[in-house]
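Visitor: Pasting a structure below so you can have a look.
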2 protein chains.
Amino acid sequence: MKLCIIGLGLLGGSFGLAVKAARSNTQVTGVENDLQHAQKALSLKLVDAVMPLEEAVTNADLVVLAVPVNAIAALLQPVLDLLPSGATLVDFGSTKEQICQIADKHPKRGQFVAAHPIAGTEYSGPEAAFESLLAQKTMIICDKEKSAPASLALVEQLCSELHMPLRYMAAADHDLHLAYVSHLSHISSFALGLTVLDKEQDAKNIFDMAGSGFSSTVRLAKSSPQMWAPIFTQNRQNVSEALDSYITQLQQFKALIAAQDEEKSRALMAKANDIRRILG
Amino acid sequence: MKLCIIGLGLLGGSFGLAVKAARSNTQVTGVENDLQHAQKALSLKLVDAVMPLEEAVTNADLVVLAVPVNAIAALLQPVLDLLPSGATLVDFGSTKEQICQIADKHPKRGQFVAAHPIAGTEYSGPEAAFESLLAQKTMIICDKEKSAPASLALVEQLCSELHMPLRYMAAADHDLHLAYVSHLSHISSFALGLTVLDKEQDAKNIFDMAGSGFSSTVRLAKSSPQMWAPIFTQNRQNVSEALDSYITQLQQFKALIAAQDEEKSRALMAKANDIRRILG
């Protein structure tokens with residue numbers, strides 16, 4: 001198989017490593033605007049070669065868009081234009097509705113599979129990539145009825161080889177759920193980081209006095225602004241709704257704490273404890 | 001040494017294990033209202049014996065208050081009343097100002113050391129205790145000038161044997177810092193858990209679609225309501241200030257996302273990325 005990965009960051013690079021491990025006869029070419037990232041990806045053997053986009057796409061059996069979602073939205077039409085008949089394009093964007101709307105207008109819609117691997121870390125770039133990032137992580141495939149059976153089957157088969165359980169849903173449902181279980185977490189963490197950095201001018205105070213709980217809740221504040229700004233833009237309506245609910249919950253806690261109403265405050269926390277059932 | 005630990009939960013139990021490991025000739029007695037916790041603590045050998053409070057305190061060289069902060073506030077005076085001359089009382093509460101104010105009124109104030117080990121997990125109870133919980137964790141000692149040199153030295157010596165770095169500060173400063181680097185994290189996590197549980201009736205959606213980022217930010221929502229409600233009450237002014245700042249940051253993100261102002265949103269996130277300097 002000839003695999004072309006556009007975007008050699010954490011996700012694209014990890015996918016390249018994983019596919020090369022699963023299918024040793026795969027030739028992986030990368031497309032990467034950032035020259036330093038391209039060289040790093042080559043030296044880390046995330047890909048076998050780096051090529052210009054047109055050359056890489058026109059020679060591929062499978063093309064993966066693993067760039068920020070604004071770049072996916074911008075590249076989707078030109079890459080589909082270049083895509084050889086019989087080849088498949090899959091994207092790995094964290095938002096799906098706007099991307100699917102763009103794909104829906106293209107005559108080669110059937111060759112496109114809209115996917116979102118629920119995998120990532122707070123780090124980014126080719127040096128953050130590792131072969132096992134995707135293993136055992138859910139791959140969500142959206143609007144699968146719009147993909148041609150052969151293209152869908154190729155992506156499903158690869159997911160199986162990479163030990164990624166599959167889930168299917170409509171693009172609009174995906175974006176709504178992700179606003180709550182992912183995008184909101186990132187904003188809560190960025191905001192927490194800013195709040196503490198604004199207050200604590202002396203970094204030593206944070207380091208010495210913060211327990212592992214703070215590190216855990218603020219970990220995502222290390223995430224890439226270039227990746228996340230366009231996710232929030234594309235999913236702004238759902239994110240706004242999720243943020244409203246979250247702020248309302250915080251204001252409820254604030255009012256109960258101010259009123260020293262420990263009974264109601266304990267009841268709210270006990271309800272939140274229910275997350276144990278899900279996270280274990 | 002005769003050590004008495006009042007409260008055989010995560011912190012008290014772990015302290016018992018660590019001291020027994022560091023000083024094999026220590027006799028550790030526990031005081032515990034919850035009969036099941038008491039039996040569990042004995043069977044896990046967190047303590048050598050369980051006794052009624054009066055008997056345990058009057059026979060101890062060192063008494064540790066490792067109960068929720070409302071119980072510390074309630075027990076401080078009666079335990080100091082019982083404390084033999086030459087013995088030391090230390091508390092492990094997550095708030096210090098109100099507790100120190102109570103101690104300040106007692107004639108045996110010098111025998112009291114106000115301390116806060118920056119250690120814990122999202123679990124509670126004797127079965128959550130483990131010997132290494134406190135190792136390498138900061139112990140904050142507050143208002144040390146109010147403790148008698150011998151009592152302070154005993155606590156410092158034990159911290160050294162348990163490999164706990166020491167920091168000293170005023171009780172009021174402690175509570176202000178902790179509101180930002182700990183108490184706020186817990187509220188943000190409880191509120192995040194509630195927001196997602198309210199929206200996602202189908203737990204499978206959360207489990208499948210949430211990445212490790214969500215687990216990380218929501219981990220503290222598993223924490224004990226009985227422990228946290230009184231912490232928020234005692235530190236309500238600082239917590240309220242911290243929550244206001246946090247909500248303001250969230251509203252700022254919400255406005256920028258609604259306005260699709262990616263430049264300013266990226267700038268905010270880049271500022272939050274500064275947390276890398278501190279957390280590594």
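Since every read-out is calculated from the coordinates, none of them should be taken as a lab result. Please read these numbers as outputs of a predicted model, since none were measured by experiment. All Cβ positions, glycine included, derive from the backbone under ideal geometry; neighbour counts span all protein chains shown.
Visitor: Can you tell which of B:169, B:209, B:227 is touching a Pro at 6+ places or on another chain (Cβ under 7 Å) and not basic (Lys, Arg)?
Guide: Within the list B:169, B:209, B:227, the selection yields B:227.
Visitor: Looking only at the range A:1-25, count every residue that is closer than 21 Å to residue A:123 by Cβ and surrounded by 24 or more Cβ atoms within 10 Å (Cβ to Cβ) and tell me the total.
Guide: Qualifying residue count for the region: 12.
Visitor: Follow-up question, since we're still on this one. Would you be able to say whether some residue in the range B:248-269 is within 7 Å of chain A (Cβ to nearest Cβ), surrounded by fewer than 22 Cβ atoms within 10 Å (Cβ to Cβ), within 28 Å of residue B:124 (Cα to Cα) and of a type outside the set (A, V, I, L, M, F, W, C)?
Guide: no
Visitor: If you don't mind, another one. If residue A:182 meets every condition in (1) free of Cβ contacts under 8 Å to residues at least 60 places away in the same chain; (2) in a helix (DSSP H, G or I) apart from one, which number is that one?
Guide: It fails just one condition, (1).
Visitor: To continue, here is another question. Residues in the range B:187-235 that are among the hydroxyl-bearing types (Ser, Thr, Tyr) and closer than 27 Å to residue B:171 by Cα: how many?
Guide: Of the residues in that region, 5 qualify.
Visitor: Any idea which of A:253, A:214, A:207, A:232 is without any contact (Cβ under 8 Å) to a residue 40 or more places away in the chain and within 24 Å of the chain's Cα centre (by Cα)?
Guide: None of the other options fit; the residue is A:214.
Visitor: Given the conditions (1) aromatic (Phe, Trp, Tyr); (2) under 20 Å from residue B:228 (Cα atoms); (3) surrounded by fewer than 19 Cβ atoms within 10 Å (Cβ to Cβ), report the number of the one that residue B:190 does not fulfil.
Guide: Unmet condition: (3).
Visitor: If you take the residues in the range B:195-222 that are of a type in the set (Ser, Thr, Tyr) and crowded, with 22+ Cβ neighbours inside 10 Å, which one is nearest to residue A:133 (Cα to Cα)?
Guide: Result: B:217.
Visitor: Could you say which residue among A:77, A:101, A:111, A:136 is at positive phi and within 22 Å of the chain's Cα centre (by Cα)?
Guide: From the options A:77, A:101, A:111, A:136, the qualifying one is A:136.
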